[in-house]
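The values are calculated or read from the model by the stated rules, or taken from the named source; none is laboratory data. Please read all numbers here as calculations on a predicted model, not as lab measurements. Here the Cβ positions follow ideal geometry from the backbone for every residue, glycine too, while neighbour counts run over all protein chains shown. These accessible areas exclude ligands, DNA and RNA; they are computed on the full protein's heavy atoms, side chains included. Shrake-Rupley method; radii C 1.70, N 1.55, O 1.52, S 1.80 Å.
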Amino acid sequence: MHIVCCLKQVPDTADVKIDPETNTLIREGVESISNPYDLVALEQAVRIREKYGGMVSAVSMGPPQARAVLREALAQGADQAFLLSDRAFAGADTLATSYTLAQSILALDRQMPVRLVFCGKQAIDGDTAQTGPGIATRLGYSQFTYVLGVDRIDPDMGEIQVRRKVESGQEVLRGPLPALLTVELELAEPRRASLPGLMASLRQEVPAWDSRAIEAEADQLGLKGSPTWVKKIGAPPARASGPSFNASSEPGQAVSDALETLLNDADFAADLNLQP
Ligand SMILES: Cc1cc2nc3c(=O)[nH]c(=O)nc-3n(C[C@H](O)[C@H](O)[C@H](O)COP(=O)(O)OP(=O)(O)OC[C@H]3O[C@@H](n4cnc5c(N)ncnc54)[C@H](O)[C@@H]3O)c2cc1C
């Protein structure tokens, strides 16, 4: 079974800073890591390869330094890795990103038919969670998001059954292969790379693929292929915490104090159509 895992290099912080002039992320001085969700996705891909055989291919779209996430993927069990790097890919929104990644999956499919694609649920910098579903839609694959568990794969029947997170609990879904899964952190704990694995990953070649290698249409790539215009981007102002009520000694008193405070709050009263 050929499994593809998409990994993104992200800044090692959830507290990303925005350049107010360009409305883009300030990456200088921030260390980069593999998106944590993607390492979980890779772990699951490797476990499936260990059970059913086949090959795990890792891909990342990014500048040359994104090779680091691919070396980590190789050390953790991927069989081969490709860096999608081309000036034409720069400035991509999620539409263009999913197009580029989908084209690379088609190129990998020509090597060996792809049955599964793994993505993280979201990248911890962009946070849109749109890339995985975008790839699945472009490729016409079944799509399972927020996956917590892979219960069963039947390669002969060409079927997969997964558990996914929904607001009220979990949902069990079955669908045909090829399929794309976006995964939650709870799905699997990424293994530690072994020393021989690390050494081998440093020796292994990580080819760079440009737009020609993935047979991409120039007008669907990067800034040209990105209909999204970011007008303004920023963090919402920090909110001060509200009043607290100590319910440990007299819970009843704490509840009445809380209610009184709420009822004296003009905004709350207005929402309920009450007079304070
Ligand atoms: C108008 C616009 C311009 C932008 N310009 C730039 C820019 O110049 N430079 C820049 O770095 N970013 C830019 N971005 C951000 C970029 O579009 C997103 O980082 C990218 O599309 C992925 O979206 P996301 O980070 O929300 O990932 P999500 O959709 O949250 O990611 C989900 C999963 O998709 C996979 N994935 C996502 N991105 C990649 C990737 N690159 N390689 C492999 N797998 C991936 C991973 O498995 C990940 O867990 C721009 C965004 C917009 C809207």
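Considering only the other residues whose Cβ falls under 15 Å of the Cβ of Ala240, what net charge follows from Lys and Arg at +1 and Asp and Glu at -1?
Net charge around Ala240: -1.
Taking springs between alpha-carbon atoms closer than 10 angstrom, which of Glu21, Glu50, Glu72 fluctuates most in the Gaussian network model of the chain?
So, out of Glu21, Glu50, Glu72, the one fluctuating most is Glu21.
Applying 1/(1 + (r/R0)^6) with R0 = 35 Å to the Cβ-Cβ distance of Ser248 and Ile18, what FRET efficiency is obtained, to the nearest 0.05?
That pair, Ser248 with Ile18, gives E of 0.25.
Before anything else, pin down the relative contact order of the chain: Cα pairs under 8 Å, at least 6 apart, normalised by residue count, whole percent.
23
What residues qualify as long-range amide H neighbours of Gly149, i.e. H under 5 Å apart, gap of 5 or more or another chain, H built at 1.01 Å from N?
Answer set, sorted by chain and number: Arg163.
Given a Förster radius of 30 Å and the C-beta distance between Ala90 and Leu198 as r, what FRET efficiency does 1/(1 + (r/R0)^6) yield to the nearest 0.05?
Given R0 = 30 Å and the Cβ-Cβ separation, E is 0.45.
So, with a 1.4 angstrom probe, what is the percent of accessible area on segment 2-220 that is carbon and sulfur?
On segment 2-220, the fraction of accessible area on carbon and sulfur atoms equals 49 percent.
Report the one residue of Pro236, Thr182, Ser201 whose Cα lies farthest in the direction of the positive end of the charge dipole of the chain (charges on C-beta: Lys and Arg +1, Asp and Glu -1; origin at the Cα centre).
Value computed over the given set: Ser201.
Over the chain, what lengths in whole Å, largest first, do the semi-axes of the equivalent ellipsoid take, defined as the square roots of 5 times the eigenvalues of the alpha-carbon gyration tensor?
Output for the chain: semi-axes of 40, 25, 19 Å.
Can I get the semi-axes of segment 96-154's equivalent ellipsoid? Compute them from the C-alpha gyration tensor as square roots of 5 times the eigenvalues, in angstrom, largest first.
Whole-Å semi-axes of the equivalent ellipsoid: 19, 17, 9.
Taking the convex hull of the Cα atoms, report for segment 123-269 its projected area averaged over all directions, in nm².
18.1
Filter the DSSP H helices in the chain by two things, a Kyte-Doolittle mean of at least 0.5 and an axial alpha-carbon span of 30 angstrom or more, and list the hits by number.
none
How big is D, in µm² s⁻¹, for segment 110-191 by Stokes-Einstein at 10 °C and 1.306 mPa s if Rh is the Kirkwood radius over C-alpha pairs?
Here the translational diffusion coefficient equals 120 µm²/s.
Given the peptides 170-181, 226-237, 201-212, arrange them by the average over their residues of other C-beta atoms within 10 Å, most packed first.
Going by the mean number of other Cβ atoms within 10 Å, highest first, we get 170-181, 201-212, 226-237.
On alpha-carbon atoms, Rg over Rh for segment 29-124 using Kirkwood Rh?
0.95
Given the options Phe144, Phe89, Phe245, which has the most mean-square fluctuation in a GNM of the chain, springs set between C-alpha atoms less than 10 angstrom apart?
Most flexible of the set in this elastic network: Phe245.
For a quick check: with amide H placed at 1.01 Å from N, whose amide H comes under 5 Å from Trp209's, ignoring anything fewer than 5 positions away on the same chain?
Amide H neighbours of Trp209, under 5 Å, 5+ apart: Leu83, Leu84, Ser85.
Local charge sum around Ala92 (other residues, Cβ-Cβ under 13 Å, Lys/Arg +1, Asp/Glu -1)?
Value of the local net charge: 0.
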